[in-house]
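Structure record follows, encoded as C-alpha cells.
Each reported figure results from applying straightforward, stated rules to the coordinates on display, with no laboratory input. Just so we're clear, the structure is a prediction, and the values are computed from it rather than from any experiment. Methodologically, a virtual Cβ is constructed for each residue, glycine included, from the backbone with ideal geometry; neighbour enumeration extends over all protein chains shown.
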Amino acid sequence: MTSSLAAVVMAAGLGTRMRSDRPKHLHPLLGRRLLDWSIAPVLPLGPDPLVVVCSPRTKDELDGTLPAGATLAVQEEPKGTGDAVAAAHPALSGFDGDVFVLDGAAPLLTTELLEALLDEHRKADASVTVLSIEPDEPLPYGRIIRDESGALRAIVEEKDASPEELAIRELNTSIYVFRAADLWPALEALDPANAQGELYLTDAVLNLVEAGRVAAVYCAPVAAMGLGVNTPEELAEAEAVLRRRGAEA
C-alpha cells in the first residue's frame, strides 16, 4: 500500500440510548445517514484504505452503500472500542502510515478540523494524537488527564473516573490519529479490567504513553465540532447546527 493515510470509522454500536430499534449510525439526518455525515469530512484527505467497522446486524444493509473504495469490517461481538478498531486490522495489512480513527456518529466534524488534527500529529511526530474539546457544559465523555508539564498521561472514561477527574473540563471525542506501526501492538495489550468489562481504545493510548511513545492532543477550536450523537435530543441539536451551516454557506 502506497498511501500514507488510512481511516477506520467505528460504526458497530447499537446506540441503545437512541430509544429505537434502528442502530444509531443508520438514523436519518437531513436526508443522509448519520454515518454518511461522519465519513464525509475525511474523504477529501484521500484515506486509502477507508474501513467502516460495523456489527453483524448492519453488515448487509451497509454493503454496497459506502463511498467508492471503502470496505466493511465486522466486529462480531460488542467487546468495546478497542476491539472494534482491531477488527479493521486485516483490511490494513501492510499499511504503515497514519490511521484516523473516527466516531461514526460525529456528524459535525469538518475536513479542516481533521486536517489540523493530522498536522498536529505529524508536527509532534506522535504515535497517537487525540482530538479533545472543552464544552461549556459537562458531558459524559472520557477525561483528558495531563501531567505537570501538560503532556497527555491518560484518558479516563467517565464511569472509571474519580471525583477529581470528573471535574476536568477537557474531554475526549473518540477521534484520533495513530501511527499504524504503534496502534496494533497497543491494541493487542488491552485488558478489560474496567467498569464496563470492555476493551477500551483509550487504554491503547495509555499503553503507548507507558511505553514512552509521544502522545499529543489537539483541542478543537469549536467544541461542537467534536460532539457525537447518542440520543434523539443530540440528533436534533446536530440537525440544527448543520442547518445553520447551510444557511451561512
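What the table below lists for this structure:
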{"read-out": "Three semi-axes of the equivalent ellipsoid, the range 32-103, Cα gyration tensor, whole Å, largest first", "value": "18, 17, 11"}
{"read-out": "For the chain, convex hull of alpha carbons as volume per residue, Å³", "value": "131 Å³"}
{"read-out": "Shape of the range 115-249, Cα gyration tensor, a/c cut at 1.5", "value": "prolate"}
{"read-out": "Equivalent ellipsoid semi-axes, the range 20-67, via Cα gyration tensor eigenvalues times 5, rooted, Å", "value": "19, 14, 8"}
{"read-out": "Positive-end extreme of charge dipole, the chain - chosen from 186, 235, 175 (charges on Cβ)", "value": "235"}
{"read-out": "Those trypsin sites (Lys or Arg not before Pro) in the range 33-63 that DSSP places in a loop and that have at most 16 other beta carbons within 10 Å", "value": "57"}
{"read-out": "Counting DSSP beta bridges with both ends in the chain, the antiparallel % (nearest 5)", "value": "45 percent"}
{"read-out": "Sorted by Cβ density within 10 Å, fewest first, the residues 219, 54", "value": "219, 54"}
{"read-out": "Relative packing of 78-85, 186-193, which averages over residues the other C-beta atoms within 10 Å, highest first", "value": "78-85, 186-193"}
{"read-out": "The range 1-73 versus the range 159-215: alpha-carbon centroid distance in Å", "value": "22 Å"}
{"read-out": "Alpha-carbon Rg/Rh ratio, for the range 57-170, with Rh computed the Kirkwood way", "value": "0.99"}
